[in-house]
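Heads up: the structure comes next, in structure tokens.
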Amino acid sequence: MRGRRSARIIWTAGSLAALLLVGGCSAGTMPVLFPDGPVGASERNVLFRALAIMMIVVIPVFIMAFWFAWRYRASHPKGRHDPNWMSNTVDAVVWVVPALIVISVGIHVWIYTHALDPYKPLDAPAPPLAIQVVAQDWKWLFIYPEQDIAAVNELAFPIEVPLSLKITSDTVMNSFFLPALGGQIYAMAGMQTQLNLMAVSPGRFRGRNTQYSGDGFADQHFDVIAMSQGDFDAWVEKVRREGKTLDDGSYAELAKPSIAAPVSYFSQVRPDLFERIIRKYGGHMAGGTMAAQDATPEDR
């Protein structure tokens, strides 16, 4: 009776804890589990499938741990103690089952790692929206080359339109992470990384740098706004009305370290600004890929 009562208490406590953890979940509070884009959804499904495979061994281990403690407790008269007992069947299960799980998880992750290659363009009817991303101390600059505008700490885009992000850093290494849409990739000086994402419904999300980068790291996050095509066109016009010109002088001022920088806009951007930032650290564009070279005198 006492053992059954203890088991019921443990079961009840575990159920209540699970309800408390899941009860407050939403796309805003747990974007990794409730993503808003196809990439994030695919990454979440990979996580869940890998977890389900691992539960094949995890669940029996937990069940046996509690059952052994109850079955072989000191007060149990039938709890036989045989320290020399051996079983080839048990040994086979202990070694073979975990090995099969590791192999299954490895194959699963290998397949979907290539399927979810961040450089791979998304299959969508709409043409992609090109955005150039620059990590600074301690803020993010988003350049829209087709629209000839830029924004600081605000990434806006229309829904159901693929985003083609080209990412670099004008400071130390950063990590660009947008959990609501899926994908994390490093931003490195003199190099360009790529990320392809898409949102399927309107919403406001949060992105940030997840690589520690100094004093302003805690405040280095940015607003993400997914909107309709009409609202995005209106946002572009707003930036053009309210923004300043982003030339060499204004960029040099923007690149200075600042903590908790507010959202700001630029209505005109130097066309080759992104490439100049990369060349400043010895990199250059070659056939769509990054190669190293000595920086030109004007970029030093």
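The values are calculated or read from the model by the stated rules, or taken from the named source; none is laboratory data. Bear in mind that the values here come from a model prediction, so they are computed numbers and not experimental data. FYI the Cβ positions are ideal-geometry reconstructions off the backbone, even for glycines, and counts take in every protein chain you see.
For segment 193-224, how many residues are buried (at least 22 other Cβ atoms within 10 Å of the Cβ) and in a loop (DSSP other than H, G, I, E, B)?
Adding up the residues that qualify gives 3.
Look at residue 83 and say whether it is modelled with pLDDT under 95 and either touching a helix residue (DSSP H, G or I) at 6+ places or on another chain (Cβ under 8 Å) or surrounded by fewer than 16 Cβ atoms within 10 Å (Cβ to Cβ) (or both).
When the stated conditions are applied, residue 83 passes them.
Restrict the check to segment 101-121 and report whether at least one residue is more than 22 Å from residue 49 (Cα to Cα), in contact with a Pro (Cβ under 9 Å, 6 or more places away or on another chain) and in contact (Cβ under 8 Å) with a residue 40 or more places away in the chain.
Scanning segment 101-121, I find at least one residue that is more than 22 Å from residue 49 (Cα to Cα), in contact with a Pro (Cβ under 9 Å, 6 or more places away or on another chain) and in contact (Cβ under 8 Å) with a residue 40 or more places away in the chain, so the answer is yes.
Please go through segment 111-163 and pick out each residue that is surrounded by fewer than 19 Cβ atoms within 10 Å (Cβ to Cβ) and among the hydroxyl-bearing types (Ser, Thr, Tyr).
112, 113, 119 - these are the residues of segment 111-163 that are surrounded by fewer than 19 Cβ atoms within 10 Å (Cβ to Cβ) and among the hydroxyl-bearing types (Ser, Thr, Tyr).
Working only within segment 239-279, note down all residues that are of a type in the set (S, T, N, Q) and assigned to a strand (DSSP E or B).
Within segment 239-279, 245, 264, 267, 268 qualify.
For segment 48-74, which positions are of a type outside the set (A, V, I, L, M) and either at pLDDT 85 or above or in a helix (DSSP H, G or I) (or both)?
48, 49, 60, 62, 66, 67, 68, 70, 71, listed by residue number.
Only one of (1) out of contact with any Gly (no Cβ under 9 Å at 6 or more places or on another chain); (2) aliphatic (A, V, I, L, M); (3) within 30 Å of residue 43 (Cβ to Cβ); (4) at pLDDT 95 or above fails for residue 239. Which number is that?
The one condition residue 239 does not meet is (3).
So residue 122 fits all but one of (1) closer than 24 Å to residue 236 by Cα; (2) in the same structural domain as residue 235 (by TED's automatic domain parsing); what number is the exception?
Going through the list (1) closer than 24 Å to residue 236 by Cα; (2) in the same structural domain as residue 235 (by TED's automatic domain parsing), residue 122 breaks only (2).
Just a yes or no: is a residue in segment 115-138 within 26 Å of residue 44 (Cα to Cα) and in a helix (DSSP H, G or I)?
Within segment 115-138, one or more residues are within 26 Å of residue 44 (Cα to Cα) and in a helix (DSSP H, G or I).
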